[in-house]
Amino acid sequence: MKGLALAGPLAYLVPILVFVALRVLYIISESKSAQTRPSGFDSMFLIFSAGLIGIGAVIVLMYLYQTRFGSLYLHIGIISSLFMVGLTAGAAAISHLLKRRSGSGPGPAMFVVMVLIAHALILVAISFWPAEQQTHTFFAIAFVVCGLAAGCYF
């Protein structure tokens, strides 16, 4: 585990790049073949990755909360509720936005990319926020905002 931490971000980016390269090769080879049967892999992978991102963000935020305040078990219910409120609001907002949009403008994929970039920037901002300034309100907002982003993925 220590070696993985010392390897830096490249240890995490290489598997992702290998997956993307293999997926692109598969899609290219499938488009050349005459078989046109639909595959459920893409939608299943999107559901898996959205859930993974959501639970990963919550676990990291819970760890930071416990590190800062020392105890998590007294507040686990409210923390989970805040994340779920954000999750519900994000899913409802993106659903409403996609139903309302006209043909011109960004498509659903562009919305997901914009939310992904915003979510990454929010997580970076949270990680660089000074520990002395992390209050209960700070974490409440962080859980709701991360829930909003995860809700948009779903």
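The values are calculated or read from the model by the stated rules, or taken from the named source; none is laboratory data. These figures come from a predicted structure and were not determined experimentally. So basically every Cβ, Gly included, is an ideal-geometry build from the backbone, and we count neighbours across all protein chains shown. The area values use the complete protein model at the heavy-atom level, side chains included, leaving out ligands, DNA and RNA. Shrake-Rupley method; radii C 1.70, N 1.55, O 1.52, S 1.80 Å.
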- Scan the range 40-74 residue by residue and report those that are open to solvent by less than 70 Å² (accessible area, probe 1.4 Å) and outside any helix (DSSP H, G or I). Gly40, Gly70, Ser71, Leu72
- All conditions in (1) under 30 Å from Ile27 (Cβ atoms); (2) open to solvent by 70 Å² or more (accessible area, probe 1.4 Å) are true of Ser127 except (1)
- For Ala92, indicate whether it is in contact with a helix residue (DSSP H, G or I) (Cβ under 6 Å, 6 or more places away or on another chain) and at pLDDT 75 or above. no
- Query: For the range 124-151, what are the residues that are at pLDDT 85 or above, among the hydroxyl-bearing types (Ser, Thr, Tyr) and assigned to a helix (DSSP H, G or I)?
  - Reply: Thr137
- Test result for Leu87, hydrophobic (A, V, I, L, M, F, W, C) and either at positive phi or open to solvent by less than 60 Å² (accessible area, probe 1.4 Å) (or both): yes
- Message: Please go through the range 109-154 and give me each residue that is small (Gly, Ala, Ser) and under 12 Å from the mean Cα position of the chain (by Cα), ordered by number.
- Response: Ala118, Ala120, Gly147, Ala149, Ala150, Gly151
- Item | Close pairs from the range 43-62: first modelled with pLDDT of 85 or more, partner open to solvent by 80 Å² or more (accessible area, probe 1.4 Å) and of a type in the set (A, V, I, L, M, F, W, C), Cβ under 6 Å, at least 6 apart | none
